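A.B. asks: The following block contains the structure, expressed as structure tokens.
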Amino acid sequence: MIDQRQEAQRVQDTKIEQKINAAHREAFHQKFPHQCEHILRLIAERLQQALRKDQDVCLPPKDIDHLSQALYNAYQIYKEVNK
């Protein structure tokens, strides 16, 4: 009986959390329209400059790894915001 109540409470908490997350996504999107796209573009351009062989820009592999991870994380946020 207690397990059923706990499970019901978890389901209710999850539904509430989903509503809150949706409200936060919408508020972010309204306050900062196209911000995620802009960040993605900046990170991708910097990474592309570092990876081009004809450029004088030379980044250590650690920095390239950090840029790649930042691009991935920013894209995950972009996908979440644009659901």
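A.B. asks: For segment 49-75, give me the residue count where each residue is among the polar types (S, T, N, Q) and modelled with pLDDT of 90 or more.
C.D. replies: 3
A.B. asks: Can you pull out every residue in segment 26-56 that is free of Cβ contacts under 8 Å to residues at least 24 places away in the same chain, among the hydrophobic types (A, V, I, L, M, F, W, C) and either surrounded by fewer than 10 Cβ atoms within 10 Å (Cβ to Cβ) or in contact with a Leu (Cβ under 8 Å, 6 or more places away or on another chain) (or both)?
C.D. replies: Listed by number, the list holds a single entry, A50.
A.B. asks: Same structure again: Just to be sure I understand, how many residues within segment 3-52 are among the hydroxyl-bearing types (S, T, Y) and within 19 Å of Y72 (Cα to Cα)?
C.D. replies: 0
A.B. asks: Also, quick follow-up: Name the helices (runs of 4 or more DSSP H) wholly inside the chain in which the number of residues that are among the aromatic types (F, W, Y) is 2 or more.
C.D. replies: 61-81
A.B. asks: On the basis of being exposed (fewer than 12 other Cβ atoms within 10 Å of the Cβ) and hydrophobic (A, V, I, L, M, F, W, C), does A23 make the cut?
C.D. replies: yes
A.B. asks: Here is a further query. Among what's in segment 59-83 and is surrounded by 14 or more Cβ atoms within 10 Å (Cβ to Cβ) and either touching a residue at least 24 places away in the same chain (Cβ under 8 Å) or not assigned by TED's automatic domain parsing to the domain that holds R41 (or both), pick the residue that is nearest to R46 (Cα to Cα).
C.D. replies: L67
The values are calculated or read from the model by the stated rules, or taken from the named source; none is laboratory data. Treat the numbers as computed from the prediction; the structure is a model and nothing was measured. Ideal geometry is used to build each Cβ from the backbone, glycine not excepted, and the neighbour counts take in all protein chains shown.
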